[in-house]
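These notes are about the structure you will find just below.
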Amino acid sequence: MATEQAQGDVDQTGKPLRMAMTLDIQPGKFQEYFDYHQAVWPEIQHALHEVGVRNLSVWNWESRLFYYCEYVGERPFAEAMQIYSQMPRVQEWEELMHKYQQKLPGAANVAEDVWWQPCTLVNYQP
């Protein structure tokens, strides 16, 4: 089975780490969530870029979201996300988004502050 690095680092060849995650949106709240993402706050876009997140896209099927990005930072991804969380307006944005988000069934045993669940790479064709 093909998998990405568990730690979220850029691999040894310097290629970006491809990351995928998923979560659900609460019933009846998708349109509001969608509307916010049509005009993501500039501070959030800047913060993500600063820590090394590139090619970020979020897709949906009904109320399920699929998040894809490439991480090109020089530090472990978890460390980059900790830095991101302290940047201007990030905490405000995350708290706002949590009003719409819903953890996946079966994710009850993960940490309280973990919303997006990582996906396992099943196939990659360059």
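The values are calculated or read from the model by the stated rules, or taken from the named source; none is laboratory data. Remember, it's a predicted structure, so these values are computed and weren't measured experimentally. Here Cβ is always computed from backbone atoms with ideal geometry, including for glycine, and neighbour counts include all displayed protein chains. Surface areas here come from the heavy atoms of the whole protein model, side chains and all, with no ligands, DNA or RNA. Shrake-Rupley method; radii C 1.70, N 1.55, O 1.52, S 1.80 Å.
A few points about this structure:
- Check on ASP35, of a type outside the set (A, V, I, L, M), at pLDDT 95 or above and not in a helix (DSSP H, G or I): no
- Residue selected from the range 52-79 under the condition among the charged types (D, E, K, R) and assigned to a loop (DSSP other than H, G, I, E, B), by the criterion least open to solvent (accessible area, probe 1.4 Å): ARG75
- Boolean, VAL40 is in a loop (DSSP other than H, G, I, E, B) and under 22 Å from GLN102 (Cβ atoms): yes
- Scanning the range 37-46 for residues that are surrounded by 15 or more Cβ atoms within 10 Å (Cβ to Cβ) and either more than 30 Å from PRO105 (Cβ to Cβ) or over 13 Å from the mean Cα position of the chain (by Cα) (or both) yields one hit, TRP41.
- Residues being in contact with a helix residue (DSSP H, G or I) (Cβ under 7 Å, 6 or more places away or on another chain) and free of Cβ contacts under 8 Å to residues at least 24 places away in the same chain - total across the range 15-74: 2
- Of the criteria (1) exposed (fewer than 15 other Cβ atoms within 10 Å of the Cβ); (2) in a helix (DSSP H, G or I); (3) touching a residue at least 60 places away in the same chain (Cβ under 8 Å), which one GLN82 fails: (3)
- For the range 93-126, the set of residues classified as without any contact (Cβ under 8 Å) to a residue 24 or more places away in the chain, open to solvent by less than 90 Å² (accessible area, probe 1.4 Å) and under 13 Å from ILE44 (Cβ atoms) consists of GLU94 only.
- Residue within the range 30-49 that is within 17 Å of PRO118 (Cα to Cα) and among the hydrophobic types (A, V, I, L, M, F, W, C) present: no
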